[in-house]
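Undergrad: Take this structure first; my questions come after.
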């Protein structure tokens, strides 16, 4: 009988321990559930903080994207313009150099052409000098010089050169250079009385003004 009593006591202790363990397990589960229930509202609150963007913000972001795209396009265009400008500048520099070379060549050719036309005059002058050495004839020298002058004048006329010889005309400061005034009752004031040196025009552009004497009224005081 004592042994049976001991067995009953040990069994009751084991049963009581199991009941306590179950109760503790249940209480732990309830505690964990309570904790999870307490955590959930906090997580919900955090999610609620992440609010949705308003229409104005969405519109603003869209506008920013569009402006950035437009700016990129303008940058690309600007780079294209810079490349084109640099290329055109290089082409212009090459063109300018070519024009300068052509101008220099044209001037040289023009000088050559004029010198070729003047060479016969040089030949005639040499002939006049030879005639002076061989003959003591003034008339032959004068005739030779006259021929040379006419040839030279013809060459200048062909090149578009015209004389400015304003004797008897009214003084024109555009084409005349007065170095002296002479009193005269026979002429209107400002009349060219004498041409001291001819002037010349090249295709109506003044090469040299005519140097002249001009009349003025007589001082009767």
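Undergrad: Given just the C-alpha atoms of the stretch 161-221, how large is their convex hull per residue in cubic angstrom?
TA: 64 Å³
Undergrad: Arranged by the count of other C-beta atoms within 10 angstrom, fewest first, what order do 171, 152 take?
TA: If I rank by nearby Cβ atoms, fewest first, I get 152, 171.
Undergrad: Expressed as a whole number of Å, what is the distance separating the alpha-carbon centroids of the stretch 167-221 and the stretch 92-114?
TA: 39 Å
Undergrad: Can you work out the PRE-style zone for residue 101? Point 7 Å along Cα to Cβ, and I want the residues of the stretch 71-95 with backbone N under 12 Å.
TA: 94-95
Undergrad: Moving on. How would you rank 188, 143, going from fewest to most other Cβ atoms within 10 Å of each one's own Cβ?
TA: 188, 143
Undergrad: How far is it, in nm, from the label point at residue 217 to the one at residue 165 when both lie 7 Å from their Cα along the line to the Cβ?
TA: Those two pseudo-labels are separated by 3.3 nm.
Undergrad: Give me the extension gain from residue 121 to residue 61: residue separation times 0.36 nm, minus the current Cα-Cα distance, reported in nm with one decimal.
TA: Difference between extended and current length: 12.7 nm.
Undergrad: Please list, by residue number, everything in the stretch 157-178 whose backbone N is under 18 Å from a paramagnetic label point 7 Å out along Cα→Cβ of residue 197.
TA: Answer for this model: 162-167, 172-178.
Undergrad: Follow-up question, since we're still on this one. In what sequence do 177, 187 fall when counting other Cβ within 10 Å, fewest first?
TA: With the sparsest Cβ surroundings first, the list reads 177, 187.
Undergrad: Still on this structure, please answer the following. How big is the Kirkwood radius of the stretch 55-159, worked out from every pair of different alpha carbons and given in Å to one decimal?
TA: 20.8 Å
Bear in mind that the values in this text are calculations on the coordinates, not laboratory data. Model, not experiment: these values are computed from the prediction. Neighbour counts run over all protein chains shown; Cβ positions are idealised from the backbone, glycine included.
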